[in-house]
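A short write-up of the structure that comes next.
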Amino acid sequence: MRILLLEDDSRIARDITATLAAAGYTAEHQTDGEEGWFKGDTEDYDAIILDLGLPMLDGLTILKRWRANGRTMPVLVLTARGSWSERVEGIDSGADDYLPKPFRMEELLARLRAIVRRATGQSSPLLTLGSITLDTRQMRVSLDGVPVNLTPQEYRLFNYLMHHAGRVVPHTELIDHLYEHDSGKDANAIEVLIGRIRRKLGPDVIETRRGFGYIVEAKP
Ligand code: CA
């Protein structure tokens, strides 16, 4: 999952970036509102964490511009404590959720998981596919109730496909959402990971659609 963080407080940004990385997200950080707006407007993120007080362009204006331009990615707004008017305006401007500062990183992660889930049409933190269960809170996958040991990269890939179950996900989208920009990763890296996941979870768990991409789908 690829997350954009717009936050000009370097200490908070550092903490959030470290937390996101430890939780398996690919995070990009911008401090400048103008550049952050442009990134969010032109690139594809699974969610955006948006501080309202930013230099060059404030968070509410950024959010309104994204929504006016038809950008629908989930946005979690960071607000000053006790500022109910900021929260109301944030939600009215198209925020999916808000978090007052200061906050616990655990709560940030929980809210992030929830908005990503809702954006992809999932309502439970447990995603299931036949006899496979993926727990987004614990970052664990089990098969017939038995935990399966996936590496962080395998988990991230499978987690992304599970969130988009029923849809063919192209190679390029997987690379965009799983790796840092310019990481040099290509379709082969994805193929290798898919092969490993199939060995652990079963050969049919991920279907290859030649020339299109991959899909996970519940079989009737
Ligand atoms: Ca700020």
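The values are calculated or read from the model by the stated rules, or taken from the named source; none is laboratory data. Keep in mind that what you see is a predicted model, and the values were worked out from it rather than measured. Note that each Cβ is placed from the backbone with ideal geometry, even for glycine, and that neighbours are counted across all protein chains shown.
Every listed requirement among (1) at pLDDT below 95; (2) closer than 26 Å to residue 130 by Cβ is met by residue 189 save one, (2).
Residue by residue, here is whether (1) in a helix (DSSP H, G or I); (2) at pLDDT 95 or above; (3) surrounded by fewer than 17 Cβ atoms within 10 Å (Cβ to Cβ) holds:
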| position | (1), (2), (3) |
| --- | --- |
| 63 | yes, yes, no |
| 87 | yes, no, no |
| 91 | yes, no, yes |
| 98 | no, no, no |
| 106 | yes, yes, yes |
| 117 | yes, no, no |
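Look through the stretch 5-20, keep the residues that are aliphatic (A, V, I, L, M) and surrounded by fewer than 21 Cβ atoms within 10 Å (Cβ to Cβ), and return whichever of them is farthest from the ligand (Cβ to nearest atom). Per the stated criteria, the residue is 18.
Among 184, 130, which is the only one that is at positive phi and either surrounded by 15 or more Cβ atoms within 10 Å (Cβ to Cβ) or touching a residue at least 40 places away in the same chain (Cβ under 8 Å) (or both)? Outline the logic, then answer.
Details: 184 fails: either surrounded by 15 or more Cβ atoms within 10 Å (Cβ to Cβ) or touching a residue at least 40 places away in the same chain (Cβ under 8 Å) (or both).
Residue meeting the stated conditions: 130.
Any idea which residue in the stretch 21-57 is nearest to the ligand (Cβ to nearest atom), counting only those that are in contact (Cβ under 8 Å) with a residue 60 or more places away in the chain and aliphatic (A, V, I, L, M)? Restricting to residues being in contact (Cβ under 8 Å) with a residue 60 or more places away in the chain and aliphatic (A, V, I, L, M), the top hit is 49.
Screening residue 79 against (1) at pLDDT below 95; (2) farther than 22 Å from residue 107 by Cα; (3) of a type outside the set (Asp, Glu); (4) within 12 Å of the ligand (Cβ to nearest atom) leaves a single unmet condition, (2).
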